[in-house]
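Asks: Here it is, the structure, as structure tokens.
No value in this document is a laboratory result; all are computed from the given coordinates. Here the structure is a predicted model, which is why all the values come from computation and not from measurement. Note that we place each Cβ from the backbone using ideal geometry, even for glycine, and neighbour counts take in every protein chain shown.
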Amino acid sequence: MSSTAKPVTPSDIETLSTVEQVRLAVEAAESRKAEQLRVLELRERADFTDFFLIMSGTNQRQVQAIVDAIVERLRGRGVRPLHVEGYRLGRWVLIDYGGDLVIHVFQPETRDFYGLERLWSDAPDRTAGFASAAAPEPLG
């Protein structure tokens, strides 16, 4: 019997722009009530990623739910993380999507301690272009 199935070619696979990946990740995070969500553009400031997406969950369970929602939403569009670190403890989970997007989901005290927004304070804040809220919540 001969197979009539057409082989999959690279042009058949949907590719998402980095901006669309960020948008989907933000939507997924908001669906799980992520707090103090920030989108920082690092294209001009770092060579390892284009965007940081930083947010908080109130406890381990919420942090893990946010991470699960983000990973599932992007996986549904064919985008898989290179790795996920910190999931088991749920204090700071890093989701690495390679050179396009790095996502940080923190519990509040861990976020305050590491202060990524302070470290990258010179990076343009693009939150308003992605988040559904009119203005981001103030930090600290």
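Asks: Working out 0.36 nm times the residue gap between E35 and D125, then minus their Cα-Cα distance, what length gain in nm do you get to one decimal?
Replies: Stretched out fully, the E35 to D125 stretch lengthens by 30.8 nm.
Asks: In nm, what is the difference between 0.36 nm times the number of residues separating R45 and T15 and their Cα-Cα distance?
Replies: Stretched out fully, the R45 to T15 stretch lengthens by 8.3 nm.
Asks: Further question: Using the Karplus curve 6.51 cos²θ - 1.76 cosθ + 1.60 with θ = phi - 60°, work out ³J(HN,Hα) for each residue of the range 52-66 in order, rounded to whole Hz, and write x for Gly and Pro.
Replies: For the range 52-66, the Karplus curve yields 9, 10, 10, 7, 10, x, 6, 7, 4, 4, 5, 4, 5, 5, 4 Hz.
Asks: Which loop chymotrypsin sites (Phe, Trp or Tyr not before Pro) in the range 25-59, with loop taken from DSSP, have no more than 16 other Cβ atoms within 10 angstrom of their Cβ? Intermediate results must be reported in sequence, preceding the final value.
Replies: Numbers: sites: F48, F51, F52; in loops: F48.
Those that pass, being in a loop and sparsely packed, are F48.
Asks: I've got another one for you. Can you pull out the trypsin sites (Lys or Arg not before Pro) in the range 57-140 that DSSP calls coil and that have at most 13 other Cβ atoms within 10 Å?
Replies: Loop-located and lightly packed - R77, R88.
Asks: Okay, moving on. Give me D for the range 17-129 in µm² s⁻¹, whole number, from Stokes-Einstein with Rh from the Kirkwood sum over alpha-carbon pairs, 10 °C and 1.306 mPa s. Let's see the in-between values first.
Replies: On the way: Rh = 13.7 Å.
The diffusion coefficient I find is 116 µm²/s.
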